[in-house]
Amino acid sequence: MTYQTTEKQIASGIEEQASKSQWRDWKWQVRHCIRDVETFERLLGIELDSAEQNAFRETVARFPMAVTPYYLSLIDVENLATDPIFRQGFPSHYELDVLPSDMADPLHEDHDSPAPCVTHRYPDRVLLLVSNTCAMYCRHCTRKRRVGDRDSIPDKATIAQGIDYIRRTPQIRDVLLSGGDPFLLSDDYLDWILTELRGIEHVEVIRIGTRTPVVLPCRITDDLVTMLKKHHPLWINTHFNHPKEITDSSEKALAKLADAGIPLGNQSVLLAGVNDCPRIMRVLVQKLVAIRVRPYYLYQCDLSEGLSHFRTPVGKGIEILESLIGHTSGFCVPTYVIDAPGGGGKIPVMPNYLISWSTNKVVLRNYEGVITTYREPDSYEPTFCDRNCEACDLHLDLTGACERDLLGVEMLLSDHEDTISLVPQGNERHERRDD
Ligand SMILES: *Cc1c(COP(=O)(O)O)cnc(C)c1O
């Protein structure tokens, strides 16, 4: 990894004798995170006016700050106020504007927790929250309510309870390590968690969500990668929001992971004043693919407290997708999702391509505005599916094909279910009918 002038300056501002190897030591970076306004000004050689300083202090008292020296070194001091790195890492007074519609826990993650460290929302996969801390506190964090208040790593006994839940719940085939940032754990601790999970027969894949390739790329050490390789199939999702975050160091960190056979994905958040621009997003997704990272999700900003200044209308996200789909490689295009307030999970949203429909024709439009028809088959004979797969002439190998109950709209579409409507709980008309 390179060691640039700005990096050198910041390093010696932190510790006069700081060497290149210290700069590249992730523990040194974490130990020297910038947490107060004085250090921030001193390291960047700038002076904020007293109103700005006060605003900064007031905000930090409610929502603490932590920025790695590495991430600080990416700031463009000449254009501080509009810099995407600055906006993601440094407190804004707008964070204190809490709107009536804001919520501490909009995704109800604390409700859907059947065991310590576990959020179980979808049928076949869970979040395992293994770390309560991050290298950097993103200003747009959806778990802002928790940032800094329990800045700790859960002990083995607590995590073991979460793992036990996974062990006794056979429908879980995919476990996502999240937090906080799982890569703030030591290699040994992470190795223990991964080994425990790998010992569970029904856990097919393990995923890790980490922002360290963006804010602390030196965390991706050879030792870490050697350890991770033992636990395949392992997937990693990271969190780039702006092309400026793709640096020589982050590219090298990602290359190590990709070379170890770990498929890489990226989850961005749509942020006003940072990346709410089709051109910026196009550059971001294309650069990510060029370094073997597949754009996975683009999140609409959640309704968490302190994020109102980052929110865009949903239309901005749709406009961005309109400018990506068809215009660039399919695997550059992330799925744009709104994580439903109240715990409904991620809901995909995209422009409409289906314009109209008759019994044998579909009218579609493409990204260029060309309107076209697709003639549907005359000869398709729908088979009545009674879910008796053994008697069906399609070949489903039943061993290992798990049977499960149908859910939601999927159930309304099925032939063998009698359900014809889904009715909200407490519907008055239906309650009158019942008596
Ligand atoms: C996002 C999320 C997942 C994973 O969802 P995928 O669509 O499979 O990536 C699982 N559990 C919770 C609670 C989530 O928020």
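The values are calculated or read from the model by the stated rules, or taken from the named source; none is laboratory data. These figures come from a predicted structure and were not determined experimentally. Methodologically, a virtual Cβ is constructed for each residue, glycine included, from the backbone with ideal geometry; neighbour enumeration extends over all protein chains shown.
So, in the stretch 271-311, how many residues would count as being within 23 Å of Val98 (Cα to Cα) and away from the ligand (no atom under 16 Å from the Cβ)?
13
Screening the stretch 1-55 for helices (runs of 4 or more DSSP H) wholly inside it with 2 or more residues that are closer than 18 Å to Glu78 by Cβ returns the ranges 5-14, 37-44.
Among the residues of the stretch 136-165, those that are assigned to a loop (DSSP other than H, G, I, E, B), hydroxyl-bearing (Ser, Thr, Tyr) and either out of contact with any Asp or Glu (no Cβ under 7 Å at 6 or more places or on another chain) or away from the ligand (no atom under 16 Å from the Cβ) (or both) comprise Tyr137, Ser152.
Can you name every residue in the stretch 179-202 that is more than 28 Å from Pro295 (Cβ to Cβ) and either part of a loop (DSSP other than H, G, I, E, B) or in contact with a Leu (Cβ under 8 Å, 6 or more places away or on another chain) (or both)? Ser186, Asp187, Gly199, Ile200, Glu201, His202, listed by residue number.
Considering the stretch 1-55 alone, what residues qualify as being loosely packed, with under 15 Cβ neighbours inside 10 Å, of a type in the set (Val, Ile, Thr) and over 20 Å from Gln88 (Cβ atoms)? Correct list: Thr2, Thr5. Looking across the stretch 235-246 at every residue that is within 15 Å of the ligand (Cβ to nearest atom) and of a type in the set (A, V, I, L, M, F, W, C), the one that is nearest to Val77 (Cα to Cα) is identified as Ile236. Being within 18 Å of Gln88 (Cβ to Cβ) and touching an Asp or Glu at 6+ places or on another chain (Cβ under 7 Å) is the filter; apply it to the stretch 282-303 and report the residue that is surrounded by the most Cβ atoms within 10 Å (Cβ to Cβ). Selected residue: Asp302.
Within the stretch 261-281, can you find the residues that are out of contact with any strand residue (DSSP E or B) (no Cβ under 6 Å at 6 or more places or on another chain) and surrounded by fewer than 18 Cβ atoms within 10 Å (Cβ to Cβ)? Selection gives Gly261, Ala272, Gly273, Cys277, Pro278, Arg279, Ile280. Residues of the stretch 340-394 that are within 16 Å of the ligand (Cβ to nearest atom) and either at pLDDT below 95 or part of a loop (DSSP other than H, G, I, E, B) (or both): Ala340, Pro341, Gly342, Gly343, Gly344, Gly345, Val349, Met350. Taken over the stretch 154-164, the criterion of being surrounded by 19 or more Cβ atoms within 10 Å (Cβ to Cβ) and at pLDDT below 95 is satisfied by Pro154 alone. Considering the stretch 199-213, the residues that are free of Cβ contacts under 8 Å to residues at least 40 places away in the same chain and surrounded by 16 or more Cβ atoms within 10 Å (Cβ to Cβ) include one that is nearest to the chain's Cα centre (by Cα), namely Thr210. Residues in the stretch 165-182 include at least one that is closer than 23 Å to Ala260 by Cα and surrounded by fewer than 18 Cβ atoms within 10 Å (Cβ to Cβ).
Scanning the stretch 115-135 for residues that are within 12 Å of the ligand (Cβ to nearest atom) and assigned to a loop (DSSP other than H, G, I, E, B) gives Pro123, Asp124.
Looking across the stretch 96-114 at every residue that is acidic (Asp, Glu) and within 16 Å of the ligand (Cβ to nearest atom), the one that is farthest from Leu72 (Cα to Cα) is identified as Asp112. Scanning the stretch 313-339 for residues that are assigned to a loop (DSSP other than H, G, I, E, B) and in contact with a helix residue (DSSP H, G or I) (Cβ under 8 Å, 6 or more places away or on another chain) returns His327, Ser329, Val333, Pro334.
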